[in-house]
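Inspection log for the structure reproduced underneath, given as structure tokens.
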Amino acid sequence: MGIGLSGMISGLDTDSIVNAMVGGQTAKKTKVDNKITLNKWTTSAWSDLNKKIYSFYTDFASKLRLKSAYQTKTAESSDDTKIKATATSSAAVGQHTVKIKDVASSQYVTGAKLSGTYTQETRIAQLDAENPSGANLVGQTITFTTKAGTADEKKTTITVDQNTKIKDVIAAAKEAGLSASYDTNQKRFFFSSADSGTDNKFTITSTAVTSEYANAKSDVVNALDAGEVETLSDVDKDIYNNAVSTILSADKDDIAAAIEKFTDPGKSLSDEQALIYDAIINIRDLKVTGAGLTSPDNDAEIAAVESELLTKVETFKNSIDNRDQAGDLTKMGLGTGITGENIDEAGTGSLVVRKANDAQVIIDGATMTSSTNSITANGLTINLLNTSVNEATGEYDEVTVTVGKDTTSTYELVKNAVKEYNNLIEEMGKLYYADSARGYDPLTAEQKESMTDEEVEQWENKIKSSLLRRDSTLGGLMSAMRSALQSTYKDEEGNEYSLTTYGIVTGNYTERGKLHIYGNTDDPVYASNTDRLQAALNEDPDKVMNALSGIFTNLYTTLSDKCGKTSISSALTFYNDKQYAKDLDRYQKDLEKVNSRIDDLKDKYYKQFTAMEKALATLQSQSSSLAQMLGQTVTK
């Protein structure tokens with residue numbers, strides 16, 4: 001839009017005049033703005049209502065159409081100190097006998113009490129120094145094995161050195177899947193399996209290096225003594241250390257092949273074996289160089305160096321098979337290790353182990369096991385609390401579980417469904433039969449400026465409350481829901497049943513379809529009536545199940561049809577959300593056109609007024625010049 005000269009010469013209020021000249025288009029803009037606002041408000045109102053309808057559809061209509069929803073059962077135990085029981089709809093009605101031979105348990109380890117005072121930060125080496133019994137832990141490799149002996153077995157190891165702390169051992173146990181801790185006050189290690197059952201058995205074992213292996217390893221590591229190593233350059237030190245590492249980490253057979261090449265130069269080696277051979281050569285050459293034996297005159301001494309080195313490597317190779325021996329975890333309070341079996345050492349503060357157990361029960365004569373204390377069989381879930389062993393006889397007493405039909409739960413289910421339906425139908429009716437907001441349009445920015453916040457809110461709430469008034473989609477949905485619940489169910493014998501049959505009736509017409517249950521103590525108007533629903537459930541619950549599931553199937557089908565995907569509505573949506581979105585898009589495009597039209601007109605008018613102002617300015621200038629000329633002539 002161009003920039004105009006706003007009445008500088010003419011003295012006119014150009015802006016007011018231009019705004020008045022585009023007033024027709026501005027009115028159109030306001031109408032389009034109102035359409036956009038009402039569209040958004042209506043979509044929001046429908047979205048909120050849609051959530052409530054969909055919730056009823058999934059939580060009640062869907063559930064009540066299923067016969068299983070009415071087939072609830074009760075389960076009562078004759079001894080609640082031994083068994084707690086629940087039953088599903090598939091449980092057989094009657095009495096069931098249960099003998100509890102064993103309950104499931106996790107494996108627990110309570111370590112023996114240690115001598116010193118330690119924390120998570122204490123180094124294991126301190127335990128070695130302050131606990132006199134058992135082998136030192138430093139140098140041992142501790143292995144935590146969970147789910148031992150199963151396909152899911154998991155092992156975590158930690159090799160204890162001078163820097164290993166108690167917290168490091170605990171972390172390794174937890175990595176394996178155990179619950180683990182060290183109690184500073186009790187001075188004990190505690191370990192337990194995460195779950196119960198024999199499949200969750202765990203072991204804690206350790207291995208230590210034999211003196212034979214340790215000595216042979218030390219001989220290889222010290223093939224060059226400390227003084228000789230000290231004289232090496234940094235590069236040669238790296239060569240030496242890498243050579244030693246290569247030998248110590250090698251396979252026994254590969255070492256043997258490398259040694260054999262010294263007596264059989266033509267022997268072919270694999271890549272791994274060649275690396276070992278080169279490592280021995282490197283160590284030999286470094287020792288020869290350090291001893292100053294590089295001259296050919298010293299061949300005998302060089303051969304002696306090589307022979308001594310090969311003897312050390314050979315000895316190391318032979319010790320590999322005898323590297324490990326059983327460890328000892330006594331200094332941790334775990335004896336020679338934990339195998340998963342029960343341990344009860346005599347004396348206070350001693351090691352205690354409780355092995356993992358499976359639950360074992362005999363239900364109606366059939367023996368069953370479980371890794372947990374919850375056993376489900378034939379629709380009956382039994383939670384075990386204790387064994388049923390008779391201390392006097394040593395036999396297992398029977399606990400009786402009685403399964404019966406649960407009419408109370410069915411009654412409450414229907415009662416809650418009626419309550420939720422009434423809440424929903426009341427909400428829908430409130431919106432559909434709302435008072436008219438004729439004469440109320442969305443406020444413009446100028447109108448809001450002249451009103452208080454409270455007045456603006458009241459004005460807009462008046463409009464919002466009437467957005468779905470007489471909405472055809474809402475009205476059709478309400479009518480369809482009422483019709484579905486007024487339908488009947490016919491059994492195989494031709495008998496027809498409706499909600500009214502069971503005392504579920506509509507009230508006064510002013511309630512617009514709300515339902516009431518005769519005898520419902522929460523409904524003061526109908527509480528005194530005979531409770532037909534409860535009476536029918538007590539007499540023949542299966543007949544009630546068939547009838548109500550049939551009627552609520554009609555309601556579910558009706559709602560399913562109403563929320564199906566169409567060209568103007570999305571799936572699982574009870575209103576025409578696609579149509580509202582399409583309308584909004586059209587309104588926004590209309591608004592762009594109107595705004596563009598207003599800008600064009602204003603630009604046009606401002607250009608015209610600018611031209612007028614320029615013409616007036618020119619005229620004024622000419623008049624002034626003429627007057628000046630005339631004045632000069634008169635003077636002469």
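Laid out as a table, the results:
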{"read-out": "Gyration tensor verdict on segment 1-127 (Cα atoms; rounded if a/c is under 1.5, prolate if a/b is larger than b/c, oblate otherwise)", "value": "oblate"}
{"read-out": "Separation between Cα centres of segment 575-608 and segment 93-130, rounded to whole Å", "value": "76"}
{"read-out": "Aspartates and glutamates whose Cα lies under 13 Å from that of Lys602, excluding same-chain neighbours fewer than 8 positions away", "value": "Asp15"}
{"read-out": "Share of carbon and sulfur in the accessible heavy-atom surface of the chain [1.4 Å probe, %]", "value": "46"}
{"read-out": "Helix 472-485 vs. the chain, principal-axis angle (Cα, 0 to 90°, nearest 10)", "value": "60"}
{"read-out": "In degrees, nearest ten, helix 271-291 long axis to first principal axis of the chain (Cα)", "value": "60"}
{"read-out": "Loop trypsin sites (Lys or Arg not before Pro), segment 460-514 (other Cβ atoms within 10 Å of the site Cβ: 13 or fewer; DSSP)", "value": "Arg470"}
{"read-out": "Label-point separation in nm, Gln95 to Leu248, each point 7 Å along Cα→Cβ", "value": "7.4"}
{"read-out": "Accessible area, probe 1.4 Å, largest first, for residues Asp441, Asp590", "value": "Asp441, Asp590"}
{"read-out": "Phi to ³J(HN,Hα) by Karplus 6.51 cos²θ - 1.76 cosθ + 1.60 over segment 254-265, Hz, x for Gly, Pro", "value": "5, 5, 4, 5, 5, 5, 4, 5, 5, 9, 9, x"}
{"read-out": "Matching label, percent of Cα pairs over 41 Å apart computed from the structure shown, candidates (i) 31; (ii) 19; (iii) 67", "value": "(iii)"}
{"read-out": "Per residue value of the accessible surface for segment 85-158 (all protein chains in place, 1.4 Å probe), Å²", "value": "47"}
{"read-out": "Where trypsin sites (Lys or Arg not before Pro) fall in DSSP loop in segment 256-334, at most 13 other Cβ within 10 Å", "value": "Lys267"}
{"read-out": "Size of charge dipole - the chain - debye, nearest 20, with Cβ of Lys, Arg +1 and Asp, Glu -1, no other charges", "value": "4440"}
{"read-out": "At most 10 other Cβ within 10 Å, DSSP loop - GluC sites (Glu not before Pro), segment 460-549", "value": "Glu492, Glu493"}
{"read-out": "Estimated distance in nm for a label pair at Asp321 and Asp80, the labels positioned 7 Å out from Cα along Cα-to-Cβ", "value": "6.8"}
{"read-out": "Positive dipole terminus of the chain, leading residue within Thr381, Phe609, Ile166 (C-beta point charges)", "value": "Phe609"}
{"read-out": "Nearest 10 degrees, 0 to 90: helix 23-56 Cα axis against the chain principal axis", "value": "50"}
{"read-out": "Difference of contour (0.36 nm per residue) and Cα-Cα distance, Tyr433 to Ser409", "value": "5.1 nm"}
{"read-out": "Heavy-atom accessible area per residue - segment 483-609, 1.4 Å, Å²", "value": "57"}
{"read-out": "Relative contact order of the chain, pairs being alpha-carbon contacts under 8 Å that are 6 or more residues apart, as %", "value": "24"}
{"read-out": "Among the listed pairs Lys31/Lys593; Lys174/Lys331; Lys35/Lys448, those beyond 25 Å (Cα-Cα)", "value": "none"}
{"read-out": "Lys201 accessible area, assembled protein chains, probe 1.4 Å, Å²", "value": "60"}
{"read-out": "Accessible area per residue, Å², segment 249-373 with all protein chains present, probe 1.4 Å", "value": "52"}
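The values are calculated or read from the model by the stated rules, or taken from the named source; none is laboratory data. The model shown is predicted, which means the values in this text are computed figures rather than measured ones. Don't worry about glycine lacking a Cβ; one is built from the backbone with ideal geometry, like all the others, and counts go over all protein chains shown. Areas reflect the complete protein model, heavy atoms only, side chains present, ligands, DNA and RNA absent. Shrake-Rupley method; radii C 1.70, N 1.55, O 1.52, S 1.80 Å.
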